[in-house]
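The values are calculated or read from the model by the stated rules, or taken from the named source; none is laboratory data. It should be emphasised that the depicted structure is a prediction, and the values quoted were computed from it without experimental measurement. Here the Cβ is made from the backbone with ideal geometry for all residues, glycine too, and neighbour counts use every protein chain on show. Heavy atoms of the whole protein, side chains included, go into the accessibility calculation; ligands, DNA and RNA do not. Shrake-Rupley method; radii C 1.70, N 1.55, O 1.52, S 1.80 Å.
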Amino acid sequence: MRKAFSVLGVVTIVVGIHFALWAWLNRSHPMTDWQGTIASLSYSPFAVGQDPNEGDQPSLRRLDETLARAAEVARNVRTYSSIGGQEQVAPLARQYGLTVTAGAWLDSREASNAREIAGVIKAANDNSNVKRVVVGNEAILRGDISVAETIKAIRQVQAEVSQPVSTAEPWHVWLDYPELARTVDYIAVHILPYWEGVPANEALSYVQRRYDQLHRAYPDKPIVISEVGWPSDGRMRDGAVPGQLAQASFIRDFLALARAKGWDYTLMEAFDQPWKRGIEGAVGAHWGIFDVDGTAKFPLAGAVVAVPAWPQLAAAAAALALLPALIFLFRARNLRAPGQVLFTALLTAAANLMVWTVYFGTTQYLDGAMVAVWTVLTLGMLFLLAMVLAEGFELVEGLFAIRAKRHFTPFRIEGERHWPKVSLQLPICNEPPEMVRRTLESLARLDYPALEVLVIDNNTKDPAVWQPVEAICRELGDRFRFFHLEVCTGFKAGALNFAMAQTAADAEVIGVIDADYLVQPNWLKATIPYFDEASVGFVQAPQDHYDWQDNLFKEMINWEYAGFFHIGMVLRNERDAIIQHGTMTLVRRVAMEAVGNWSTWTICEDAEMGLKLMQ
């Protein structure tokens, strides 16, 4: 019964925390309410996977569905092209009570421009619901055609249609070219604070400032804000941060301001356009008030939340975290409460990050290549999360363990006992002789009665490097034997296997030392008695670094390594799963021979030996 209540308590806490976290992150944001219809929406009817730059055309069904959806919130749509299937927009829009601002796309292609102009003239003359005409969209800004060429195209259309005619350009183009303003029937201006790097909370005042600036410059010319809006996703641009809440707030505030000021405008835009990602980056796909499937991103009245589906996401994250949390908590009896809470929090954070990553990825407009990249990055994130959780578990176990289960202290044995013979093996290759001398002299000071030291120099070509080491071994006495191998395959493992063939027949324990280690005199007497237990295959001694003081870089390296020796090795030992570190290690000879000595196929021969011994 107590365990059942414990499980129930854990479930309640984990689920409650998830829902509280997601609810707080997605709390309602009161905004200006908008009642009524939107004056105009810019309208590009392309579906996912379609790109007008590649010649794709929207189907009649797509046009019909998107125009019906736009008519639910707006009175007018502004088009950008008069060919490629979009000549059907005006007659279809009439069925839904929509008027049209008909556009002709102009660029550097003369033949295409001619077809666009002919198409927009026909649309304007054949459809009574076409109320305005826009000849060109930022063509001057892009440098596709000159101001003079644009004026020529405008006058050609003016001569053929009865509706007001203009071209659409950002505010500064209109100020730079007054002759353009004199030509048009009205000024169609794009005011997009995001592209100017204006923060969202300053965007509305920026729009008003630019509008007023144009009005002062051309007081007798009607002004239509032909593009205004805010993206719901994408990269930050200076101080401008895309986001669904920012988009909702800007648009709802703008609609209220436009009504109060009597402005004519077109919101940028009706539907998200994934094809614009290739032109404008990720942000280009996310300017719509509807997503590409026609789902509204936010309501025009009432409170707005950042992620409407947050309850489902919270439930998914809680479900993902719950089982690992239960397993951990019911097996973490040796951890104090702060450690249990900390690691459970890490599990919760990992689960939420995974759920958010999947949600974010599935709500983007990704093509095949981007799906592949996203998959690779997600797998990389999962690997990093696994590393973080492993390191986090090690941290809480190191800091908050109640007691050590396998705490071994150095032996201090007084009196007589059997000391098995130890063969210490020192493989070297091109090591500085004076460094090796320090190591060998520390081995000579070992307080141990039954000992041999084998020094195996492998693949050192310069006699001036290996011969001094040979002389040092002669100086230190009969317990030290030196071998020079001109050619030795298998690197360190090959040298150690050679040493095994030279080992004294009565040696029971094999020790490995690196050329830059200094051992304490009691090393062997403090560790060899552990081999009295027949099940012990190897003993790994603690170790540390020297000569790092008074140098900041070396000190940082020392403490990074110290974490492995003083935390990682200790905690692995708690589970009898310590990795063999390849030096300061003592191995029972019969165990080593039973697994075939050192493997030369890997440069991690020490870890491989440890795994074989454990198995």
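When the surface is traced with a 1.4 Å probe over the full set of protein chains, residue 236 keeps roughly 130 Å² accessible. Subtracting the Cα-Cα distance of residue 208 and residue 95 from 0.36 nm times their residue separation leaves 37.2 nm of extension gain.
So if I place +1 on the C-beta of Lys and Arg and -1 on the C-beta of Asp and Glu, and nothing else carries charge, what would the dipole magnitude of the stretch 466-520 be about its Cα centre? I want it in debye, nearest 20.
Charge dipole, the stretch 466-520, about its Cα centre: 60 debye, nearest 20.
Among the listed values (i) 1.00; (ii) 1.52; (iii) 0.94, the one computed from these coordinates for Cα Rg over 2.2 N^0.38 Å is (ii). Here residue 437 sits with roughly 60 square angstrom of accessible surface, probe radius 1.4 Å.
For the stretch 137-244, the relative contact order is 24 percent, taking Cα pairs closer than 8 Å that sit 6 or more residues apart in sequence and dividing their mean separation by the residue count. Ranked by the mean number of other Cβ atoms within 10 Å per residue, highest first, peptides 309-320, 16-27 order as 309-320, 16-27.
Of the chymotrypsin sites (Phe, Trp or Tyr not before Pro) in the stretch 397-459, which ones lie in a loop per DSSP and count no more than 16 other C-beta atoms within 10 Å?
Answer by residue number: 408, 411.
Averaged over its residues, the stretch 314-466 has an accessible area of 55 Å² per residue, based on protein heavy atoms and a 1.4 Å probe. Modelled label positions at residue 160 and residue 296, each set 7 Å beyond Cα in the direction of Cβ, lie 3.9 nm from each other. Share of the chain's accessible area from carbon and sulfur, percent, 1.4 Å? That fraction is 58 percent.
For a straight C-alpha distance cut-off of 29 angstrom, the lysines reachable from residue 421 (same-chain residues fewer than eight places away being disregarded) are 492, 525, 612. So what's the back-of-envelope 222 nm ellipticity for the chain, counting only DSSP H runs of four-plus at -39500 (n - 2.57) apiece and dividing by all residues, rounded to 500? So the calculated ellipticity at 222 nm is -14500 deg cm²/dmol. Under a model in which nothing but the beta-carbon of Lys, Arg (+1) and Asp, Glu (-1) is charged, the stretch 254-304 shows a dipole of about 180 debye around its Cα centre.
With all protein chains present and a 1.4 Å probe, how do 382, 586 order by accessible area, largest first?
So the residues, ranked largest to smallest area, are 382, 586.
The listed peptides 460-470, 131-141, ordered by packing as a protection proxy, come out as 131-141, 460-470 (highest mean of other Cβ atoms within 10 Å first). State, as an integer percentage, the relative contact order of the chain based on alpha-carbon contacts under 8 Å between residues 6 or more apart. Reported as a whole number, the value is 10 percent. Take 553-564, 41-52 and order them by the average number of nearby Cβ atoms within 10 Å per residue, most first; the result is 41-52, 553-564. Along the axis of the charge dipole computed for the stretch 113-253 (Cβ charges of +1 for Lys and Arg, -1 for Asp and Glu, origin at the Cα centre), the listed residues 186, 245, 200 are led at the positive end by 186. Sequentially through the stretch 166-175, phi angles give Karplus couplings (6.51, -1.76, 1.60; θ = phi - 60°) of 8, 10, 9, 8, x, 4, 6, 5, 4, 6 Hz, Gly and Pro residues having no value and appearing as x. Charge dipole (Cα centre; +1 on Lys/Arg Cβ, -1 on Asp/Glu Cβ; no other charges) of the stretch 435-578 amounts to roughly 160 debye. Listed by chain and number, the lysines whose C-alpha is less than 20 Å from the C-alpha of residue 261, apart from same-chain residues fewer than 8 away, are 221.
Taking 446, 326, 377 and ordering them by how much accessible surface each has at a 1.4 Å probe, largest first, produces 377, 326, 446. Projecting the Cα atoms of 511, 357, 385 onto the charge dipole of the chain (Cβ charges, centred on the Cα centre) puts 357 farthest toward the positive pole. Straight-line cross-link reach from residue 276 at under 30 Å between alpha-carbon atoms covers these lysines, not counting any fewer than eight positions away in the same chain: 122, 131, 152, 297.
What the stretch 145-241 shows is 45 Å² of accessible area per residue, with the surface traced by a 1.4 Å probe over protein heavy atoms.
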